[in-house]
Amino acid sequence: MIDWCGALPDRERSYVICLGFFDGVHLGHRKLIEEARSIKDSRGWGICVHTYDIPPQKAVHPTCHYRELTPLDEKVPLLLSAGADLVGVSCFNEHLMHMSGEDFIIHALLGDLSVKHIVVGFDHRFGYRADTDTGKLAEICKRQDIGLTIVPPVKTPGGVFVSSSAIKNAIITGDMALAQDMLGRAPNAHMIARIRKSNHF
């Protein structure tokens, strides 16, 4: 079951979909959407970003003190402003947690959308016990006749690899300039307070 934000899927339209949790909607995440926009421009497809209602770590490890850079209510507007036509949100429950990567693609995504292309980051993993990496995803896409773009690591102008964990570390250590470089915007007071409550990522 996917809840839709921004707009409902158009059954008459094909989509390129970006997969990930998108915590922070940082420069790496925006690169995925940029790749999707280039496909949209050439093919006329819509852009969907798929995420989850809670961090998967919280469902897999209930005692985990994972702190989000951007809770869902902040994340969705950022994704839409970055270029997504719609945002799909799946409830990361027991059923989804035990679903294989292939079943997720076929039954969750293809059940609601006409997916023609998928965009993911180089280190994206999903499915039961995160056993579906980009290599397995490529095999699934080939079987389903879906295009695939794998986005390589993104660096700041200073050469630092961008990641949600790196942003959290920068906030904890007080390097707000680096956090801003990776986010592409200044971290707000709520983000800083959330991350500094705990050193757990």
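Quickly run through region 167-179 and pick out the residues that are surrounded by fewer than 19 Cβ atoms within 10 Å (Cβ to Cβ) and within 20 Å of the chain's Cα centre (by Cα). If the condition is that a residue be surrounded by fewer than 19 Cβ atoms within 10 Å (Cβ to Cβ) and within 20 Å of the chain's Cα centre (by Cα), then 169 is the only one that fits. For region 5-34, which residues satisfy the criterion of being at pLDDT below 95 and in a strand (DSSP E or B)? Hit for region 5-34 is 5, nothing else. Criterion applied to 51, 63 was being crowded, with 21+ Cβ neighbours inside 10 Å and either assigned to a strand (DSSP E or B) or of a type outside the set (Phe, Trp, Tyr) (or both), and the one residue passing it is 51. The sole residue among 44, 24, 83 that is surrounded by fewer than 17 Cβ atoms within 10 Å (Cβ to Cβ), of a type outside the set (Ser, Thr, Tyr) and under 15 Å from the mean Cα position of the chain (by Cα) is 83. In region 97-125, the qualifying residues are those that are out of contact with any helix residue (DSSP H, G or I) (no Cβ under 9 Å at 6 or more places or on another chain) and touching a residue at least 40 places away in the same chain (Cβ under 8 Å), and the one that is surrounded by the most Cβ atoms within 10 Å (Cβ to Cβ) is 113.
Here is the figure for region 54-65: residues that are in contact (Cβ under 8 Å) with a residue 40 or more places away in the chain and within 12 Å of the chain's Cα centre (by Cα) total 1. Listed conditions (1) over 30 Å from residue 40 (Cβ atoms); (2) in a loop (DSSP other than H, G, I, E, B) are all met by residue 185, apart from (1). Do you know which residues across region 86-96 are more than 16 Å from residue 48 (Cβ to Cβ) and surrounded by 17 or more Cβ atoms within 10 Å (Cβ to Cβ)? Selection gives 92, 96. Here the condition is being in a helix (DSSP H, G or I) and at pLDDT 95 or above; of 80, 96, it holds for 80 alone. If residue 139 satisfies every condition in (1) touching a residue at least 12 places away in the same chain (Cβ under 8 Å); (2) not in a loop (DSSP other than H, G, I, E, B) but one, which is the exception? Only one criterion in (1) touching a residue at least 12 places away in the same chain (Cβ under 8 Å); (2) not in a loop (DSSP other than H, G, I, E, B) is unmet by residue 139, namely (1).
Would you be able to tell me the number of residues in region 152-166 that are among the small types (Gly, Ala, Ser) and surrounded by 14 or more Cβ atoms within 10 Å (Cβ to Cβ)?
Within region 152-166, the first condition is being among the small types (Gly, Ala, Ser), and the residues that meet it are 158-159, 163-166.
Subsequent filtering for residues that are surrounded by 14 or more Cβ atoms within 10 Å (Cβ to Cβ) retains 163-164, 166.
Qualifying residue count, region 152-166: 3.
When only residues in region 127-158 that are modelled with pLDDT under 95 and within 18 Å of the chain's Cα centre (by Cα) count, which is nearest to residue 86 (Cα to Cα)? Result: 127. The single condition among (1) surrounded by fewer than 17 Cβ atoms within 10 Å (Cβ to Cβ); (2) in contact (Cβ under 8 Å) with a residue 40 or more places away in the chain; (3) among the aromatic types (Phe, Trp, Tyr) that residue 128 does not meet is (2). In the set 94, 68, only one residue is in contact (Cβ under 8 Å) with a residue 40 or more places away in the chain, farther than 18 Å from residue 34 by Cβ and among the acidic types (Asp, Glu); that residue is 68. Within region 101-124, the only residue that satisfies the criterion of being modelled with pLDDT of 95 or more, assigned to a loop (DSSP other than H, G, I, E, B) and over 19 Å from residue 69 (Cβ atoms) is 122.
The values are calculated or read from the model by the stated rules, or taken from the named source; none is laboratory data. Model, not experiment: these values are computed from the prediction. All Cβ positions, even for glycine, are placed from backbone atoms using ideal geometry, and neighbour counts span all protein chains on display.
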